[in-house]
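Just below is one structure, and these are the notes that go with it.
The values are calculated or read from the model by the stated rules, or taken from the named source; none is laboratory data. Computed from a prediction, not measured in an experiment: that's the story for all the values here. A quick note on method: Cβ atoms are made from the backbone with ideal geometry, for glycine too, and the neighbour counts reach across all protein chains shown.
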Amino acid sequence: MTNRRTLLKGLAAATLLPARGWAAAGSPEWIAAARSPGGDHALHGIGASGEITFSIPLPGRGHAAAAHPYRAEAVAFARRPGTFGIVLDCRTGAIIHRLSPPEGRQFNGHGAFSLDGSWLYTSEVVAEGSAGRVGLWDVRAGYARAGEWDSRGVGPHELRLLPNGNIVIANGGIRTDPQDRTPLNIDSMRPNLAVLDADGDLVSCRELPAELHQNSIRHLALLPGAIAFAMQWQGDPAEPVPLLGLARDEAPLTNHPVAEADAFRMNGYAGSIATNQDLIAMTSPRGGVAMLFTAEGRHCATLDRADLCGVAAARDSAFTMTDGGGAIWAADPQGLRLRRRHSLSWDNHLVRIAP
């Protein structure tokens, strides 16, 4: 772990071949976890038209996954708080490795590979107290555990790699009971958006305004020069608070409200977020809606669909979205168009395979 900046300088050889490995797995555009009508769980590859390119069983309910940048490998994470991370060969369906957090740690549903694919970073908490950790796994050493970093917050959820190799972490701020996820600190929670460099040192850590301290920062998406984040309100449900935030450079975090009627439709809950060039999409399965915004945070469309949650950028439309009824949708400000429907219940997240 001593020369990780040196490793990041060797990106070119690794990233020139993104399609070759994934082509062997049916060239999926996205991956997502889902539950079958019989109650079984699996990770699925999804092609450009919504067809399923592969299906690999999981030992329990999945949440998000991390796709290797050039090898047809994915790590599927348990729904938080969870203790399994399954490294899958998406060409053969084989389980390559089974990841377990150290004693007293729990996975929190998300992970990301380093830009060159040499390292896997996982979102974790210390079970007692919910202090945040970033787990470090050495991919070249067979996904061996290599240590951990302080996430600089409580209850981290999603983490993402920035183009410069830094890591941005959504520290949700909620301390939970390790057994049943009961929130324990709603009155005093302090979510933040933290950025760590390639050695785990703190680059920045920004909190929301005091009046929004109960807005848990959960999910992340990247724009040119900015980070978009989606929140889940833990305060009074009668308050129509903004659920979209933006972080630019070192400026304070900004919040971007919608009209009051639309805010109430979100039901205080953003389930996932994605970006595509100059658009942001944020879904609410509880509200049965997706909100689209410009890159500046201006609300530009509301799309209606029950249990809509998974969202990722697409090539033939702005976004692809998935719902709990098994449908896969093309989405843009003009509306939703059905790509395909399957006898599945898609879980919360849709992960794009990098082009």
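Residues that are in contact with an Asp or Glu (Cβ under 6 Å, 6 or more places away or on another chain) and either at pLDDT 95 or above or within 12 Å of residue 346 (Cα to Cα) (or both) within the stretch 1-33 comprise just one, 33. Set side by side, the residues 198, 146 differ, and just one is outside any helix (DSSP H, G or I), of a type in the set (A, V, I, L, M, F, W, C) and either in contact with a helix residue (DSSP H, G or I) (Cβ under 9 Å, 6 or more places away or on another chain) or modelled with pLDDT under 95 (or both), which is 198.
All conditions but one from (1) modelled with pLDDT of 95 or more; (2) under 23 Å from residue 348 (Cα atoms); (3) touching a Ser or Thr at 6+ places or on another chain (Cβ under 6 Å) apply to residue 139; the one that does not is (2). Counting only residues that are surrounded by 20 or more Cβ atoms within 10 Å (Cβ to Cβ) and in contact (Cβ under 8 Å) with a residue 40 or more places away in the chain, which one in the stretch 125-138 is nearest to residue 182 (Cα to Cα)? Once the filter is applied, the top-ranked residue is 130.
Give me a count of the residues in the stretch 241-263 that are small (Gly, Ala, Ser), farther than 21 Å from residue 207 by Cα and in contact (Cβ under 8 Å) with a residue 40 or more places away in the chain. Break it down stepwise before answering.
Initial filter on the stretch 241-263 (small (Gly, Ala, Ser)): 245, 247, 251, 259, 261, 263.
In the following step, the residues that additionally are farther than 21 Å from residue 207 by Cα were identified as 259, 261, 263.
From what's left, in contact (Cβ under 8 Å) with a residue 40 or more places away in the chain: 259.
Looking only at that region, the number is 1.
Every condition in (1) more than 24 Å from residue 121 (Cβ to Cβ); (2) in a strand (DSSP E or B) holds for residue 44 except the one numbered (1).
Scanning the stretch 56-79 for residues that are under 27 Å from residue 140 (Cα atoms) and surrounded by fewer than 17 Cβ atoms within 10 Å (Cβ to Cβ) yields 57, 59, 60.
I need the full set of residues from the stretch 163-183 which are assigned to a loop (DSSP other than H, G, I, E, B) and out of contact with any Leu (no Cβ under 7 Å at 6 or more places or on another chain), in order please.
Of the residues in the stretch 163-183, the ones assigned to a loop (DSSP other than H, G, I, E, B) are 163-166, 172-175, 177-182.
Scanning the stretch 163-183 gives 163, 164, 172, 173, 174, 178, 179, 180, 181, 182.
Within the stretch 320-332, the set of residues being within 15 Å of the chain's Cα centre (by Cα) and of a type in the set (A, V, I, L, M, F, W, C) comprises just one member, 321. Look at (1) at pLDDT 95 or above; (2) over 27 Å from residue 277 (Cα atoms); (3) of a type in the set (S, T, N, Q) and you find that residue 179 fails only one, number (1). Per this entry, residue 115 is counted among residues that are outside any strand (DSSP E or B) and surrounded by fewer than 22 Cβ atoms within 10 Å (Cβ to Cβ). For the stretch 152-174, a tally of residues being over 21 Å from residue 351 (Cα atoms) and within 16 Å of the chain's Cα centre (by Cα) returns 1.
Listed by position, the strands (runs of 3 or more DSSP E) enclosed by the stretch 264-355 include none that has at least 3 residues that are β-branched (Val, Ile, Thr) and in contact (Cβ under 8 Å) with a residue 60 or more places away in the chain. For the stretch 80-99, residues that are assigned to a loop (DSSP other than H, G, I, E, B), under 16 Å from the mean Cα position of the chain (by Cα) and surrounded by 22 or more Cβ atoms within 10 Å (Cβ to Cβ) total 1.
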